[in-house]
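Some notes on the structure that comes next.
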Amino acid sequence: MDDRIRKCPECGSTNIILDPKHAELYCTDCGMIIADKLVDFGPEWRSYNAEQASKKIRTGPPISYRTHNKGLSTPTPVTLLRTKRLRGIISMDSSEKTLSFALGEIDRMASALKLPSDIKEATSVLYRRAAKQKLIKGRSIEELVSAMLYIICRQYGIPRTLKEIAAVSRMPLRKIRRAYMFLLKKLEIKLAPADPARYIPRFCSELGLSGAIRGRALEILKEDEGTGTAKGWSPTGTAAAAIYLAAISGGESVTEREIAKVAGTTPITIRNRYMELEKRLKLSTDVLSPPSLLKKAPLVV
């Protein structure tokens, strides 16, 4: 049925009925046949539940780069799954086995970091690109996959640090960082500096701080206008310092050590950052907080 046909062209009635038996579209008021010889684009079989539909359907899932064969394998009856699995493993060459292992690692780490499916898909595409340029051979798969996952998170603006990725990887941080620099150079990838504001909501949530503190921390970073990023400050350290200043001005109790544990940095780093932010932004004034809050909880450095 053409969705554009809403009323009868003869009488203007909206009582339009589709007759699938005769492949006609007619008006119930005047009886005019509006269209005939309609083509049914639905399946020629019937199903009464999801199980019957899954057995009768002859199309597979969409193409996905998250599997080594892109999801284009032929469906096999359940009784032959073991035979198919063994036959598939035997017929795979070394490059396919490496690809299958790498894609499995991507899925494992991304799931551990609670990343969405599009991040897994984009990382799989990046791995295939690196393999096509022959950058995989002779290097650790775990190192490269971990670095690729971090690159994609940076490109998509997802706040994940190298330390967090190293925590779910089987490789140490220094090797992942080395692979990260290698891939940026060989693949000619340009990444913008990480935005500290993207870390604020997650850190505040883990610390149990209120929405007012989160908004005040974001306002501090906005007032800073990216000066910390231009100086090469770590985005997590800058975000942690902004949260600490916001908590002090808002009268909520949180220590440097607690913030440092969540942000993956050190209390000394937070102390240095918030002292510079306070000095540059002159936070002793009422720029960010109502005067009443500042009187109750003045900044103490």
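The values are calculated or read from the model by the stated rules, or taken from the named source; none is laboratory data. All of these numbers come straight from a predicted model, not from anything done at the bench. As a convention, Cβ positions derive from the backbone with ideal geometry for all residues, glycine included, and neighbour counts pool all protein chains shown.
Below, the figures for the structure above:
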item: Unique match (being surrounded by 14 or more Cβ atoms within 10 Å (Cβ to Cβ), of a type outside the set (Phe, Trp, Tyr), assigned to a helix (DSSP H, G or I) and at pLDDT below 90) among Glu164, Glu143, Glu223; result: Glu223
item: Thr265 being assigned to a loop (DSSP other than H, G, I, E, B), of a type in the set (Ser, Thr, Tyr) and not assigned by TED's automatic domain parsing to the domain that holds Ser140; result: yes
item: The one condition in (1) at negative phi; (2) free of Cβ contacts under 8 Å to residues at least 12 places away in the same chain that Gly31 fails to fulfil; result: (1)
item: Ser169 vs. criteria modelled with pLDDT of 90 or more and either in contact with a strand residue (DSSP E or B) (Cβ under 6 Å, 6 or more places away or on another chain) or crowded, with 20+ Cβ neighbours inside 10 Å (or both); result: yes
item: Flag if Leu149 is of a type in the set (A, V, I, L, M) and either under 14 Å from the mean Cα position of the chain (by Cα) or part of a helix (DSSP H, G or I) (or both); result: yes
